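Below is one structure; the comments refer to it alone.
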Amino acid sequence: MSVEWIDEAVILAARPHGEADLVVQLLTRRHGRHAGLVKGGQGKRQRGLHEPGTRVVATWKARLADHLGYLATEPQGSTLGALLDKPGPLSALSSALAVAERALPEREPHPAAYEGLLALLAALESEHWGEATVLWELQLLTELGFGLDLSACAAGGDNDQLAYVSPRTGRAVSLSAGAPWKERLLPLPGFLVGRGEGGAAEVRLGLALTGHFLELNVFHPQDRPLPPARQRLYARFAGETAITPPPASETP
């Protein structure tokens, strides 16, 4: 008796196993983040078929449900090839795949995370790839149960001028209500609340915002830092000016 499923998936990572095989990490539509062993995955016949970001139809088989199992994939299209001459979007792709692999629990269905990743892969070929990356990370935080509340001012201020986010609660704060605390609050980029289309400076603020909550709620409890690929993506926008979130205990 064995266990088997077939599902749509995106390859998150592929790592050598022995001299010939690969362990491939997938984000699937119905089975969540799932790994499997690809026999001969490092050989000439399969070389290049398991690049991160490739969309596949995956067949997974194992004798028992908790085994690593064997994986076969049928490629359906790759984002990587379209981004090879676009270092910014390529950095965003690497970041998103690394965050998804480390943030999502293994074998726990998260169809919204899968759909969101597909939408991001498509958006990486557009001029607003940076803004799309921030929005994807916000969606991922929500999917993991740590969503930010950007709908109203936590301090009762004017909701039409939301300008900050509390690093402790993840709730928005208006410009007037947050003025006494502005050095202790995280800036809220306008494109996240319907003001403007973004731009590099606002993407930097957005990545600082989502990075703070990913680190606080997802990676710190795992005793891990943000993935290096995510840190490199932020560095592309931050340059020499990094944002250091204030201590959560000192904010409203």
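Summary table below
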read-out	value
Kirkwood estimate for the chain, i.e. one over the average of 1/r between Cα atoms, Å	19.3
Kirkwood hydrodynamic radius (C-alpha pairs) into Stokes-Einstein, the range 109-197, 37 °C and 0.692 mPa s, D in µm²/s	234
Given charges at beta-carbon only (K, R positive; D, E negative), |dipole| of the range 78-195 in Debye	400
Rg to Rh quotient for the range 3-78, alpha carbon positions, Kirkwood Rh	0.93
Assigned charges on the beta-carbon of Lys, Arg, Asp, Glu; the range 3-78 dipole about Cα centre (debye)	80
Label-to-label distance, nm, for residues given as ARG30 and ARG45 (7 Å Cα→Cβ offset)	2.8
Charge tally in the Cβ shell below 11 Å around LEU104, where Lys, Arg are +1 and Asp, Glu are -1, LEU104 excluded	-1
Residue range of the chain that is longest and free of GluC sites (Glu not before Pro) which are both DSSP loop and sparsely packed (at most 15 other C-beta within 10 Å)	20-124
For the range 1-135, the fraction of alpha-carbon pairs in successive 10 Å shells from zero, as %	13, 44, 33, 9, 1, 0
Among LEU83, VAL38, SER95 - extreme Cα towards positive end, dipole of the chain, charges at beta-carbon	VAL38
Cβ-based net charge around VAL56, under 10 Å, with every Lys or Arg adding one and every Asp or Glu removing one	-2
Magnitude of the charge dipole, the chain, Cβ model with Lys/Arg +1 and Asp/Glu -1, debye to 20	620
Local electrostatic count at GLY211 - Lys and Arg +1, Asp and Glu -1, tallied over other residues with Cβ under 14 Å	+4
The chain: calculated mean residue ellipticity at 222 nm from DSSP helix runs of at least 4, using -39500 (n - 2.57)	-9500 deg cm²/dmol
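Read the figures in this text as sums done on the coordinates, not as results from a lab. Remember, it's a predicted structure, so these values are computed and weren't measured experimentally. So basically every Cβ, Gly included, is an ideal-geometry build from the backbone, and we count neighbours across all protein chains shown.
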